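Chemist: Before we start, here is the structure in question, set down as structure tokens.
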Amino acid sequence: MAAESKVLPELPPETWIDILTVRGEDSKPVLGYHDLKRVGGVSQMFKELLKAQPFDDTLFRGTPHSKLSPGTTITLHPLLDAAYSYIESEVTAFEWENEDSTKSIKICTLASVFEFATSPPLKTLVIGKRIGPGGRLKVKSGITVIELLKKIAELWSTPFDDTHLREDYPDDNPFFKYARLSGPMTYHKAIFTYEDHNGWAGWKTPSISTSGLVTLSPRYYDS
């Protein structure tokens, strides 16, 4: 007996949008980023439907902002939680692995790296000093995931200078002493050579200053 085929009901686009953007008791959309990506793969109709403005926040689209009002909720693109480490000095080194480590993918090869890195999208982002020396990324057209990955790799490949980290470590910390004695090196080499805590532990929730600038910083590294 042939399997019964399932046919989606013919509904106007506005109704499908209402269905796909329904919110739960926490006021967040029931369908998240990955859910909507799967919906878009069902048919050309859904692919076109998801181009509508109500899906912009969840799919990391929209008009980029230079600054945000304090208290604004900022969501990081799922790819920023995908890699098992963001302590890398080459953009091609950022890799995603499945749970049993049988498959790995270079994140920079995924099409979604060209989506905005945050929702709401940003033109300016301060990167915390524990990503190398830290720094500021500005992109007039909006900061995409790939632009952020390139900046992170650039910061880790910066020549090591202990003055950037004195607030986090006492002046007599061996990390500084041995790195100074060893001569020129990058932050990437220094953290893996002289720092006991160099295990990636994820990102902190982005913070917004009173002036509206957004800062993205890593959690303190694991041992």
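Chemist: Which one of the conditions (1) surrounded by 12 or more Cβ atoms within 10 Å (Cβ to Cβ); (2) touching a residue at least 24 places away in the same chain (Cβ under 8 Å); (3) part of a helix (DSSP H, G or I) does His34 fail to meet, given that it meets all the rest?
Modeler: Every listed condition holds for His34 apart from (1).
For every residue, the table says whether it meets (1) more than 25 Å from the chain's Cα centre (by Cα); (2) within 24 Å of Ala82 (Cα to Cα); (3) at pLDDT 95 or above; (4) surrounded by 10 or more Cβ atoms within 10 Å (Cβ to Cβ).
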residue	(1), (2), (3), (4)
Lys6	yes, no, no, no
Leu20	no, no, no, yes
Lys28	no, yes, no, yes
Phe46	yes, no, no, yes
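Chemist: Restricted to the range 67-111, and to residues that are open to solvent by less than 20 Å² (accessible area, probe 1.4 Å) and among the aromatic types (Phe, Trp, Tyr), which residue is nearest to the chain's Cα centre (by Cα)?
Modeler: Tyr86
Rundown of residues vs (1) open to solvent by 20 Å² or more (accessible area, probe 1.4 Å); (2) modelled with pLDDT of 90 or more; (3) assigned to a helix (DSSP H, G or I), yes/no style:
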| site | (1), (2), (3) |
| --- | --- |
| Val113 | no, yes, yes |
| Leu125 | no, yes, no |
| Lys129 | yes, no, no |
| Arg136 | yes, yes, no |
| Leu148 | no, yes, yes |
| Ala153 | no, yes, yes |
| Ile191 | no, no, yes |
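Chemist: If Leu59 satisfies all but one of (1) surrounded by 17 or more Cβ atoms within 10 Å (Cβ to Cβ); (2) touching a strand residue (DSSP E or B) at 6+ places or on another chain (Cβ under 7 Å); (3) in a loop (DSSP other than H, G, I, E, B), what's the number of the condition it fails?
Modeler: In the conditions (1) surrounded by 17 or more Cβ atoms within 10 Å (Cβ to Cβ); (2) touching a strand residue (DSSP E or B) at 6+ places or on another chain (Cβ under 7 Å); (3) in a loop (DSSP other than H, G, I, E, B), Leu59 misses (2) alone.
The values are calculated or read from the model by the stated rules, or taken from the named source; none is laboratory data. This is a predicted model, so every value here is computed, not measured. Glycine also receives a Cβ, built like all others from the backbone with ideal geometry; neighbour counts cover every protein chain displayed. Ligands, DNA and RNA are stripped out before the accessible areas are found, and what is left, the full protein with its side chains, is counted by its heavy atoms. Shrake-Rupley method; radii C 1.70, N 1.55, O 1.52, S 1.80 Å.
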